[in-house]
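These notes concern the structure reproduced below.
The values are calculated or read from the model by the stated rules, or taken from the named source; none is laboratory data. All of these numbers come straight from a predicted model, not from anything done at the bench. Counting neighbours? That spans all protein chains shown, and the Cβs are built from the backbone with ideal geometry, glycine included.
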Amino acid sequence: MKIKNKTGMSLDAFVECIKSGHFGSKIHGHWDIECIGLDGSIKWTDKIENMVVNAGLNHILSAVLAAGTQITAWFVGLTAATPTPAAADTMASHAGWAEVHTEYSQGTRPAFTPGSVASQSVDNSASKAQFSITGTVTVGGAFLVSNSTKNGTTGTLFSIGPFSGGNRALINGDTLNVQATFTQADDGV
């Protein structure tokens, strides 16, 4: 009788945990963007709270739990004005946004070079992605992808987000520094 009672109590607690949603984890991307003018002064700063898209979430599950292939190189891209990201976005299909790809001098998308993972967080603060602007362009956000090719439509899209302050104008001579920080935490704490 005591065993049955203990089992029932454990099952009730388990069901209560499921109902309250205290299982799982959340991954979050926070980006800090800084625009430096030709004279070296900060023209503006902005932030992005980005979405990790389904393809990015699937990659995490594949590489960590299903013996899938790990992607070891990631790159930062810029979106044109007024991006509308969607969870189902991929590099081959993203109707809500376009990439800015001709208005900076780097031959490829700048690399995302992360430091060490600590306290469930990783960032590229020691080596920010840098864009040397060569024309006049309006940007609206940024994304992380496994393909370095400017305007490339292959590779795994990991995350994307619009600037918190809306569209931003860039001109020839501006430099955009992009720092991305990704954190993961249990969603029950």
> What is the one condition in (1) exposed (fewer than 11 other Cβ atoms within 10 Å of the Cβ); (2) within 21 Å of Thr183 (Cβ to Cβ) that Ala63 does not satisfy?
Replying inline: (1)
> If you check Thr82, Thr108, Thr90, which single one turns out to be touching a Gly at 6+ places or on another chain (Cβ under 7 Å) and either in a loop (DSSP other than H, G, I, E, B) or of a type in the set (A, V, I, L, M) (or both)?
Replying inline: Thr82
> Of all residues in the range 155-175, which are under 17 Å from Trp97 (Cβ atoms) and of a type outside the set (Gly, Ala, Ser)?
Replying inline: Thr156, Leu157, Phe158, Ile160, Pro162, Phe163, Asn167, Arg168, Leu170
> Taking Asp123, is it acidic (Asp, Glu), touching a Leu at 6+ places or on another chain (Cβ under 8 Å), under 30 Å from Gly24 (Cα atoms) and surrounded by 14 or more Cβ atoms within 10 Å (Cβ to Cβ)?
Replying inline: no
> Here are some conditions: (1) exposed (fewer than 12 other Cβ atoms within 10 Å of the Cβ); (2) assigned to a loop (DSSP other than H, G, I, E, B); (3) in contact with a strand residue (DSSP E or B) (Cβ under 9 Å, 6 or more places away or on another chain). Ala95 meets all but one. Which one does it not meet?
Replying inline: (3)
> Is there a residue in the range 99-117 that is modelled with pLDDT under 95, acidic (Asp, Glu) and farther than 16 Å from Val145 by Cα?
Replying inline: no
> So which of Gly165, Gly173 is in contact (Cβ under 8 Å) with a residue 40 or more places away in the chain, part of a loop (DSSP other than H, G, I, E, B) and more than 21 Å from Met51 (Cβ to Cβ)?
Replying inline: Gly173
>> Being closer than 21 Å to Thr175 by Cα and touching a residue at least 40 places away in the same chain (Cβ under 8 Å) is the requirement here; does Thr82 meet it?
In response: yes
